[in-house]
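Structure record follows, encoded as structure tokens.
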């Protein structure tokens, strides 16, 4: 039946294209070298080279004022994964990227929140690498300076008002804000803008590491457990149950007592112990998706199970994974802020710590900017995670994005 | 390239022998096996090149599992599958991949058959990609050509599945099955999710494709009408077994197995005044047994209108069938005797609370022709009145048990049957005539 087309003698315009393929010439797909894998390999090599360079060179800083520690290497590793499996597929599949852009154009709010999150990440990275210790090295000793449009009783500035002070000797006479500190300063004299920038740094670590390592790990565990089932499922879900029964926050606090605060410890504690929920969701979604006709159809043509998981199951569990991942991000950012608020800080300065400083040291209603500004930044970030998580789900689904 | 007449001298393309697929029912942490669902229980048939072969039966009879087992999408428990003379169960990875290229599956539900996240073009190109056609341009050409050959447009390749109707998606399913130029397509209820006209169009398309590309098609359906129109040969399946097999016309024009008759009678008639085969509740003949708890002997016996009468029971046919109805009613899962009485009362046979009433409910005369049976019925009624349903069942079984309840009939070519049929009626060594004129409604008052 296939011969008629292959020997060339009877080829006519009415021979279907598929009849002309001589399948003896083709072997199974050898697509082990996908663009994603190449990008991942290149990225990992570049990372290794960077590490060697850092060890050989004679500076504390990797670049600019970036003092890299374990958390930063984890951050770079996660970035490589995100680039390889987030950006490369988008760049390759231009039709899909165009569709996403088209859908986003009609969703202003999503774009606004996405831009805000992007801004927080850029600012946080600037805080990491742009100047030493997030710009909080040199104390100006200009304490409790008010924002430029506001004023504060002169007394609260420790009798050191940078701007104009009202005439008289009354201790409560207003000290006015200046452009030297547009958003004012806190009780140590740190500029609020520097504090806001420094406070964005934990968000960078948490976001990139969660999206680049924790969520992929949780998804892989959930997919494998749900798709293959059997013993693998039992073992993986036992691991998940075990980690769900160990609260990450307790482990972090214990570690904090022994090792002190460190971003790497925070990432380790929550990275190892907080993904069980997502793994369970992915597993239950996978159990449903694997019964779908398109999975059966893919199996029937001999698609390898890794491809079925990647092309058919994974894209269809994003409906739940994307909102769950962004919810986890919101929870982690809030947890970090809460811990810092209570004093268990992971890093020098974070929004949570700044809020606590503003609330507990100085009359909070009068020096309102010291706690309100970081609280607003934190609240906006958490809200943005929730909104973006829900909206990205709709945007990614071709059935919704019309 | 059209092959319409079956050339039985040629080698079968697909040959299935004694195919069995059991699903274990397990309990507890150690997954101890406590039972089995015999989804497919010894099925044999051949499919020849370029023919259309139908497997027909009610849902749950194991026809879909048969399809999946043939393709090793469910690993068969035992049996033999040969494709083009090769042992499918012995295939290594490379051979299995070649097998998956030459055989294709078309699914029942077009809405679930396509990944909502992939464009139609990507979905149809996937088989090509998997089998090593790495050039995207070439894949695109094949996909567009295939789309046009199933009556769609090349530009449809850029759409997403949700943008198309069920009929269009089923055409795309056929395009996806065609791009690998297979020798065999198994279509599992390909039209059951479609409405009347679309159904006919898709069926017509399948017939065209079969003619044009010489592909053998196995059509799996519960729809007798569909199989009758489309298939050269047919196998009728009931609870994991084939009960009758042969050329479509012969099987449906002169059904030999009582089940085939029941199946045919369940096709709705166009005449509104024609009696329907719908049965009254509780009679038992419309109930589909649980595949994990199969009836003994012939699996169809609890529903069979032609159950063989034991030689030592001397009753007129009418009375025999009435006694059978009594036994089937009794065999249902009653909570207690009161529930049984209540069910009879519901049927409007008066206040059924005595011997006479029970007999009347099942049209039994006060005295049955066979004294042994008469005693058995009286004893059974006494047991029921005493609240002992199990005792009544056993008492009746002792006297009335049919060969159909004891022995499973093999699918074989009997003297009186013109084709393979699995029914004791055709076994010359057993009592009972191959009564071809049995009225399937005789048990369905």
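Screening the candidates B:180, B:194, B:152 for the property of being in a loop (DSSP other than H, G, I, E, B) and within 12 Å of chain A (Cβ to nearest Cβ) yields one hit, B:180. Within segment A:368-386, being farther than 15 Å from residue A:193 by Cα, touching a helix residue (DSSP H, G or I) at 6+ places or on another chain (Cβ under 7 Å) and touching a residue at least 60 places away in the same chain (Cβ under 8 Å) holds for A:380, A:381, A:384, A:385, A:386.
For (1) away from chain A (no Cβ under 14 Å); (2) out of contact with any strand residue (DSSP E or B) (no Cβ under 6 Å at 6 or more places or on another chain); (3) at pLDDT below 85, each residue gets a yes or a no:
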| site | (1), (2), (3) |
| --- | --- |
| B:5 | yes, yes, yes |
| B:12 | yes, no, no |
| B:15 | yes, no, no |
| B:31 | no, yes, yes |
| B:34 | yes, no, yes |
| B:38 | yes, no, yes |
| B:49 | no, no, no |
| B:63 | yes, no, no |
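One line per residue, one yes/no per condition, for (1) within 30 Å of residue A:391 (Cα to Cα); (2) surrounded by fewer than 16 Cβ atoms within 10 Å (Cβ to Cβ); (3) in contact with a helix residue (DSSP H, G or I) (Cβ under 9 Å, 6 or more places away or on another chain); (4) at pLDDT below 85:
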{"residue": "A:104", "(1), (2), (3), (4)": "yes, no, yes, no"}
{"residue": "A:116", "(1), (2), (3), (4)": "yes, no, yes, no"}
{"residue": "A:130", "(1), (2), (3), (4)": "no, yes, yes, yes"}
{"residue": "A:139", "(1), (2), (3), (4)": "no, yes, no, yes"}
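The residue of segment A:347-402 that is surrounded by the most Cβ atoms within 10 Å (Cβ to Cβ), among those that are closer than 30 Å to residue A:278 by Cβ and modelled with pLDDT under 85, is A:349. Only one entry in A:295, A:282 is touching a helix residue (DSSP H, G or I) at 6+ places or on another chain (Cβ under 6 Å), crowded, with 20+ Cβ neighbours inside 10 Å, part of a helix (DSSP H, G or I) and within 14 Å of chain B (Cβ to nearest Cβ), namely A:295. Quick one: in segment B:51-61, which of the residues that are within 24 Å of residue A:291 (Cβ to Cβ) and buried (at least 24 other Cβ atoms within 10 Å of the Cβ) is modelled with the highest pLDDT? Going through the qualifying residues, I end up with B:55. Residue-level analysis places residue A:255 among those that are in a helix (DSSP H, G or I), more than 14 Å from every other protein chain (Cβ to nearest Cβ) and touching a helix residue (DSSP H, G or I) at 6+ places or on another chain (Cβ under 7 Å). Has segment A:173-188 got any residue that is in a helix (DSSP H, G or I) and not assigned by TED's automatic domain parsing to the domain that holds residue A:270? Checked segment A:173-188: no residue is in a helix (DSSP H, G or I) and not assigned by TED's automatic domain parsing to the domain that holds residue A:270.
Filtered by the rule that a residue be surrounded by fewer than 18 Cβ atoms within 10 Å (Cβ to Cβ) and within 14 Å of chain A (Cβ to nearest Cβ), segment B:77-97 gives B:84, B:91, B:92, B:93, B:94, B:95, B:96.
When you scan segment A:252-263, do you find a residue that is surrounded by fewer than 16 Cβ atoms within 10 Å (Cβ to Cβ), within 16 Å of residue A:219 (Cα to Cα) and either at pLDDT 90 or above or under 24 Å from the mean Cα position of the chain (by Cα) (or both), even just one? No, segment A:252-263 contains no residue that is surrounded by fewer than 16 Cβ atoms within 10 Å (Cβ to Cβ), within 16 Å of residue A:219 (Cα to Cα) and either at pLDDT 90 or above or under 24 Å from the mean Cα position of the chain (by Cα) (or both).
For segment B:155-174, name all the residues that are in a loop (DSSP other than H, G, I, E, B) and either touching a strand residue (DSSP E or B) at 6+ places or on another chain (Cβ under 6 Å) or away from chain A (no Cβ under 11 Å) (or both).
Our first condition is that a residue be in a loop (DSSP other than H, G, I, E, B); within segment B:155-174, this holds for B:159-160, B:164-165.
Those that are in a loop (DSSP other than H, G, I, E, B) and either touching a strand residue (DSSP E or B) at 6+ places or on another chain (Cβ under 6 Å) or away from chain A (no Cβ under 11 Å) (or both): B:164, B:165.
Taking residue A:336, is it farther than 17 Å from residue A:120 by Cβ and away from every other protein chain (no Cβ under 14 Å)?
Values: farther than 17 Å from residue A:120 by Cβ: no; away from every other protein chain (no Cβ under 14 Å): yes.
No, not satisfied.
Taking (1) at pLDDT below 90; (2) in a helix (DSSP H, G or I) in turn, residue A:335 satisfies each apart from (1).
Scanning segment B:79-131 for residues that are modelled with pLDDT under 90, over 22 Å from residue B:215 (Cα atoms) and in contact with a strand residue (DSSP E or B) (Cβ under 7 Å, 6 or more places away or on another chain) yields nothing. Of everything in segment B:109-142 that is more than 7 Å from chain A (Cβ to nearest Cβ) and closer than 15 Å to residue B:168 by Cβ, the residue that is surrounded by the fewest Cβ atoms within 10 Å (Cβ to Cβ) is B:111.
The values are calculated or read from the model by the stated rules, or taken from the named source; none is laboratory data. Predicted, not measured: the structure shown is a model, and the values here were computed from it. A quick note on method: Cβ atoms are made from the backbone with ideal geometry, for glycine too, and the neighbour counts reach across all protein chains shown.
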